[in-house]
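The values are calculated or read from the model by the stated rules, or taken from the named source; none is laboratory data. From a predicted model like this one, the values you see are computed outputs, not experimental measurements. Note: ideal-geometry Cβ built from the backbone for every residue, glycine included; neighbour counts use all protein chains shown.
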Amino acid sequence: MSGLKALWQNPLPLVLASKSAARQALLTSAGLPFEAVDAKIDERATEASLLVRKAGAAEVAAHLARAKALAVSALRPEHLVIGADQVLDLDGRLFAKPKDLAEAVQHLALLSGRTHNLHSAFCVARGGKILKEDAPVARLTCRVLSAAFIEAYVTTAGPELLNSVGAGAVEGLGIQVLERIEGDHTTIMGLPLIPLLQFLREEGSLLA
């Protein structure tokens, strides 16, 4: 952390309420010191309860990000804790991470040739109190995917697909699925850094 002292003003590192490799890579690339702690919340059960009352994609993503941040904040009350989540909206139908490769195939077939909105929410908490929330949106258009491509793609990518909303991470093989991207790269990857960094400057943890 010593090499980051010129920019990072907080004596404590951030805590990322996630084991996501992509989100960890984003924080590392931005030069932010952090520890990763798994929030261990039941995301599927939480999603199901929200969908029963017809919550929209932005609300579901924000709720999950908030739940993760508050769960880990209870364990690390002195730290700034970041929770994040993504939900994909295709004409009102919501998609989370596929539960298995068969569902990944289904998701890709549905997304083929169509444009969807990716809601990428984050929440910052400290001491059990929410300090900042935001949920930027990116628009992604999938090219028309043949059945043969989907089969080969899922076979090649394997279980890694289960870690990504929409069955494809743009920083990897998932870029082959897309025709057009509209939105900030970090929003698409699952942790919108522009608004997060702005908050950290305003809060005083990051040098302005």
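When the residues of region 144-182 are filtered to those that are aliphatic (A, V, I, L, M) and over 14 Å from His107 (Cα atoms), the one that is surrounded by the fewest Cβ atoms within 10 Å (Cβ to Cβ) is Ala148.
Note on region 73-112: among residues that are among the acidic types (Asp, Glu) and within 27 Å of Leu27 (Cβ to Cβ), the one that is surrounded by the fewest Cβ atoms within 10 Å (Cβ to Cβ) is Glu78.
Residues checked against (1) within 18 Å of Thr46 (Cα to Cα); (2) free of Cβ contacts under 8 Å to residues at least 60 places away in the same chain; (3) under 19 Å from the mean Cα position of the chain (by Cα):
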residue	(1), (2), (3)
Pro77	no, yes, no
Ile82	no, no, yes
Pro98	yes, no, yes
Gly113	no, yes, no
Ala138	no, yes, yes
Thr156	no, yes, no
Ala167	no, no, yes
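Answer yes or no as to whether Leu197 is in contact with a helix residue (DSSP H, G or I) (Cβ under 9 Å, 6 or more places away or on another chain), modelled with pLDDT of 95 or more and not in a strand (DSSP E or B). It is false that Leu197 is in contact with a helix residue (DSSP H, G or I) (Cβ under 9 Å, 6 or more places away or on another chain), modelled with pLDDT of 95 or more and not in a strand (DSSP E or B). Looking at region 115-126, I want the residues that are crowded, with 23+ Cβ neighbours inside 10 Å and have a partner that is of a type in the set (S, T, N, Q) with Cβ atoms under 8 Å, at least 6 apart or on another chain. Which pairs are those? Going by the 8 Å Cβ cut-off, the qualifying pairs are Leu118/Gln86; Leu118/Thr187; His119/Gln86; Ser120/Gln86; Ser120/Thr187; Ala121/Gln86; Ala125/Ser73. Within region 132-152, being over 19 Å from Gly190 (Cα atoms) and touching a strand residue (DSSP E or B) at 6+ places or on another chain (Cβ under 8 Å) holds for one residue alone: Arg143.
When residues in region 101-132 are screened for being within 30 Å of Leu197 (Cβ to Cβ) and among the hydroxyl-bearing types (Ser, Thr, Tyr), 2 of them pass. Determine, yes or no, whether Ala36 is within 15 Å of the chain's Cα centre (by Cα), among the small types (Gly, Ala, Ser) and within 12 Å of Cys123 (Cα to Cα). So Ala36 does not fit the description; no.
Only one entry of Leu110, Leu88, Leu94, Leu140 meets the criterion of being under 24 Å from Gly183 (Cβ atoms) and in a helix (DSSP H, G or I), and that entry is Leu110. Here is the figure for region 143-178: residues that are in a loop (DSSP other than H, G, I, E, B) and under 17 Å from Ala96 (Cα atoms) total 7.
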